[in-house]
Number of protein chains: 4
Amino acid sequence: MPDTRVTVWNEFVHEQESETVAEIYPDGIHGAIADALEERGFDTETATLQEPEHGLTEDVLAETDVLTWWGHTAHDEVDDAVAERVVEAVRDGMGLLVLHSAHFSKVFKRLMGTSCSLKWREAAERERLWVIEPSHPIADGIDDCIELDEAEMYGERFDIPQPETLVFNSWFEGGEVFRSGCTYRRGSGRIFYFRPGHETYPVYHNEEIRNVLANAVEWAAPSDDRATSSGGNTDPREDIDTSDERTVH
Amino acid sequence: MPDTRVTVWNEFVHEQESETVAEIYPDGIHGAIADALEERGFDTETATLQEPEHGLTEDVLAETDVLTWWGHTAHDEVDDAVAERVVEAVRDGMGLLVLHSAHFSKVFKRLMGTSCSLKWREAAERERLWVIEPSHPIADGIDDCIELDEAEMYGERFDIPQPETLVFNSWFEGGEVFRSGCTYRRGSGRIFYFRPGHETYPVYHNEEIRNVLANAVEWAAPSDDRATSSGGNTDPREDIDTSDERTVH
Amino acid sequence: MPDTRVTVWNEFVHEQESETVAEIYPDGIHGAIADALEERGFDTETATLQEPEHGLTEDVLAETDVLTWWGHTAHDEVDDAVAERVVEAVRDGMGLLVLHSAHFSKVFKRLMGTSCSLKWREAAERERLWVIEPSHPIADGIDDCIELDEAEMYGERFDIPQPETLVFNSWFEGGEVFRSGCTYRRGSGRIFYFRPGHETYPVYHNEEIRNVLANAVEWAAPSDDRATSSGGNTDPREDIDTSDERTVH
Amino acid sequence: MPDTRVTVWNEFVHEQESETVAEIYPDGIHGAIADALEERGFDTETATLQEPEHGLTEDVLAETDVLTWWGHTAHDEVDDAVAERVVEAVRDGMGLLVLHSAHFSKVFKRLMGTSCSLKWREAAERERLWVIEPSHPIADGIDDCIELDEAEMYGERFDIPQPETLVFNSWFEGGEVFRSGCTYRRGSGRIFYFRPGHETYPVYHNEEIRNVLANAVEWAAPSDDRATSSGGNTDPREDIDTSDERTVH
């Protein structure tokens, strides 16, 4: 799908406050992610917290097929109306990639209905993301697992609804496991939660991670002629028998 | 589980405004439901919209194992703080039965993360709830299906997340189908959405429906020694190798 | 995926024994299905029960991305070794469409692990396939539902494992419902069960049904670079502590 | 459910051939498991490969609510007819616990429809079974996780159908993860696959593991009045319009 339009959203705070982070992501985390998606040929734009309406106006969302979301330290600064607008866009069919610490974003929590809490630890430990469903398109091109030398740990229990498909399952050096690649549908939209990505590790420069991000965009993009359904008060499609003694017909 | 404590919640508006409804449910819809659950031996209380804090104080929820929720015309009058309190209680393990038009309640929408919209029609038509999972305890005692002579129609697409288990699937005289018995987990709590129950039809006097309600309470009740998990910053359970060149450990 | 190679398999018995069926499907049911898939641009071949090895040699399966299977009256005549070969090919990644009465085929029953029994009735009654997941690619291009004027009835309980995704849910004039579009994964292969298609009704000439068949082939086709996983005895990827008193390391 | 009748099946080969195993399980693996289930108050019998019909006659199965299955080195010696009898009993509602290396048993493979292959290693390494669904009754009484000092490793990809509920997720010292507690339904029967249990480690003497085994029996036991559904040719429950030009009604 070369015409898929992606908006890469980033709160863009750590990169402006920490030299360590700025060195790893000189163009921001959004820059690194956008670069990975452009390589696959998607029509990619970025948006950040600091822009008016966080760069996520009605117009921008109307022209976005898939939105990727990275946030960590500034979840509360995301305007409620913008968060709700994103949630509505997903329900209307926009794809959504929720990355790493965005598990605690307003957008993800509203779409899941759970606390989205988890265990965590920052100790530069090894992570290994095992492929659970090799036939899922998001895992295309990956062998048994992806190894990351340095990762923040996220551990179970991850308080999420049971995923529709568990694509990746992570092992951590310190002794925990984590459901690190989870698909959902909400309304007409497809959602992929993908765990890797702390700001102090160069995870989004890893080729396998970039491959998964691009696979996930492809999977989450709505098709041009997707099924349409309508709600509300509806006329019957069959005759309803009114010859009987049942009440008001 | 004879000691299961149930709180039956009802907005209790139609019964006070419409003679037709009052005749069908002289003790309120909550009265009929509570009666069904007492028959099974549960320790049952009721609460309504009109009470202070809608009868759902912290104390009441703390002593409730399973809450049943019926609402239709007054969803907006439910205080946001009380709705959130109920949502939190579910995540902490309280069971929840969401009945009929409560598909549009604040509580259900927050727990699902979707619009929960559907097609509907009020035409006193026939409904038939087919059992999809005969081995699920909520279907205990039911044969192939439950027939209701008069029902409001709810039709697909019902905008909900894919249920963990689809227990009942409804046929309607006018030509529609509906996933009418759906289980979910959110946090540590179990949720059952059950479709039947319009205020102008005596559905909650039907013995099979009452049987399902009691089965569902039994299924949704938390066990006394359910698993406990903690979140937050966590010490490793294994040694993390710090002899290498990886960054800050 | 213009290069997707499809093999359309048909037991091809009714068409040679019944004039009624031969009039509806002059080129066989496989001819009608193959025609629908060629229209979408797939590289399509057919195979039938009567051919040596039922036309499903190792070579044919090795060059098949997606196999469609129609059978009804001759399930027992399918050689066990061929059925097992097909099952293995699916586990290795070949897509499979199981059509209508093929619910009782050896192939489907082995892949499901259940009896696959159902209720049925031949009464030229109306069927309406409601879309349950509008965001699923198999439903692309369909509105609320597909209406078929004449269909054999299949009714619940359909004894299958819970589908990974329920895409269509059928209503029947005589009072039943049926999960008529179900996805599964087995091994590395994707499976779609699709209900419509009795030999005495011209269902496979219906444009919407043909559209769904082509969508399903697209969905079920394995990607060229799908993930690979290996089983068997495995060396550790981490050091296992052998300095302790635990038994044989 | 104090009246639940359990049959504990064991191939009972290692214990008779290896002194090491006989020391760990002097009464056989079946003896240890039966002991754990009797402690919970179930009416427990045992059966082994060496008995006529492997101790699993029609009569025995007819009086069994839940069967537990342990096998490893002698899967092929299980008679096909007995395996099929067990499969049929599960479909008719008998609960089934599939333990450890029984992932490769005839019974489990037939019920799953997949190869059930996995990675493995015998290195007395540490395993940690993390609770994924704290509200599932099988996890009752467990905290964050169960730790086992010595375990055989089983690693992903475990080639199984996606579980209905993933209850436990294992971490291994050598770097792998594994879905170690998985629920399924087949027909009217409930199945729980539970990973722990190698013959050279005293896993079935561990109190937490014994607790999970008893929880699982309780969960898998069929209820006395479970829903009944019938298949086959069926009369319509509604009038089918025959006044039109549709074909044979």
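Of all residues in region D:140-177, those being over 15 Å from residue C:240 (Cα atoms) and touching a Gly at 6+ places or on another chain (Cβ under 6 Å) number 3. How about region D:118-132: which of its residues are touching an Asp or Glu at 6+ places or on another chain (Cβ under 6 Å), buried (at least 21 other Cβ atoms within 10 Å of the Cβ) and away from chain B (no Cβ under 14 Å)? Passing the criteria: only D:124. If I ask for residues that are away from every other protein chain (no Cβ under 13 Å) and in a loop (DSSP other than H, G, I, E, B), which ones from region A:197-234 would you list? Across region A:197-234, the qualifying residues are A:197, A:206. Cβ-Cβ distances below 8 Å connect the following pairs, each with a first residue in region C:152-163 that is surrounded by 24 or more Cβ atoms within 10 Å (Cβ to Cβ) and modelled with pLDDT of 95 or more, a second residue that is assigned to a strand (DSSP E or B) and of a type in the set (Asp, Glu), and a separation of six or more residues or different chains: C:153/C:122; C:153/C:125; C:153/C:127.
For region D:123-139, does any single residue satisfy the condition of being at pLDDT below 95 and of a type in the set (Ser, Thr, Tyr)? Yes, there is a match, as at least one residue in region D:123-139 is at pLDDT below 95 and of a type in the set (Ser, Thr, Tyr).
Picking from residues in region B:201-225 that are within 15 Å of the chain's Cα centre (by Cα) and of a type in the set (Gly, Ala, Ser), the one that is farthest from residue B:142 (Cα to Cα) is B:221. Residue B:170 satisfies every condition listed in (1) under 14 Å from the mean Cα position of the chain (by Cα); (2) surrounded by 24 or more Cβ atoms within 10 Å (Cβ to Cβ) except (1).
Close contacts from region D:207-223, counting a first residue that is closer than 10 Å to residue D:6 by Cβ and a second that is open to solvent by less than 30 Å² (accessible area, probe 1.4 Å) and among the hydroxyl-bearing types (Ser, Thr, Tyr), with Cβ to Cβ under 6 Å and a gap of 6+ residues or different chains, come to D:221/D:4. Among the residues of region A:146-169, just one is within 7 Å of another protein chain (Cβ to nearest Cβ) and small (Gly, Ala, Ser), namely A:155. Evaluate the following for residue A:180: is it under 30 Å from residue A:85 (Cα atoms), open to solvent by 10 Å² or more (accessible area, probe 1.4 Å), in contact (Cβ under 8 Å) with a residue 24 or more places away in the chain and among the hydroxyl-bearing types (Ser, Thr, Tyr)? It is false that residue A:180 is under 30 Å from residue A:85 (Cα atoms), open to solvent by 10 Å² or more (accessible area, probe 1.4 Å), in contact (Cβ under 8 Å) with a residue 24 or more places away in the chain and among the hydroxyl-bearing types (Ser, Thr, Tyr). Being away from chain C (no Cβ under 14 Å), surrounded by fewer than 24 Cβ atoms within 10 Å (Cβ to Cβ) and among the small types (Gly, Ala, Ser) holds for only one residue in A:105, A:115, A:135, and it is A:115. Screening residue B:170 against (1) in contact with a Phe, Trp or Tyr (Cβ under 9 Å, 6 or more places away or on another chain); (2) farther than 21 Å from residue D:230 by Cα leaves a single unmet condition, (2).
Based on what the data block shows, is residue C:244 within 23 Å of residue A:133 (Cβ to Cβ), open to solvent by 30 Å² or more (accessible area, probe 1.4 Å) and without any contact (Cβ under 8 Å) to a residue 12 or more places away in the chain? Break it down stepwise before answering.
Numbers: within 23 Å of residue A:133 (Cβ to Cβ): no; open to solvent by 30 Å² or more (accessible area, probe 1.4 Å): yes; without any contact (Cβ under 8 Å) to a residue 12 or more places away in the chain: yes.
So residue C:244 fails the test.
The number of residues in region D:58-93 that are away from chain C (no Cβ under 14 Å), of a type outside the set (D, E, K, R) and open to solvent by less than 40 Å² (accessible area, probe 1.4 Å) comes to 12. Residues that are open to solvent by less than 60 Å² (accessible area, probe 1.4 Å) and at pLDDT 85 or above were ranked within region B:226-235; the one that is farthest from residue B:138 (Cα to Cα) is B:234. If you filter region A:1-30 down to residues that are open to solvent by 10 Å² or more (accessible area, probe 1.4 Å) and aliphatic (A, V, I, L, M), you find that the one that is farthest from residue A:78 (Cα to Cα) is A:1.
Considering region A:184-196 alone, what residues qualify as being part of a loop (DSSP other than H, G, I, E, B) and either surrounded by fewer than 23 Cβ atoms within 10 Å (Cβ to Cβ) or at the interface with chain B (Cβ under 7 Å from one of its Cβ atoms) (or both)?
First, pick out the residues of region A:184-196 that are part of a loop (DSSP other than H, G, I, E, B): A:187-188, A:195-196.
Within region A:184-196, A:187, A:188 meet the criteria.
The values are calculated or read from the model by the stated rules, or taken from the named source; none is laboratory data. This structure is a prediction, so every number in the text was calculated from the model and none was measured. Backbone-built Cβ (ideal geometry, glycine too); neighbour counts: all protein chains shown. Note: accessible area is taken over every heavy atom of the protein model, side chains too, but ligands, DNA and RNA are not part of it. Shrake-Rupley method; radii C 1.70, N 1.55, O 1.52, S 1.80 Å.
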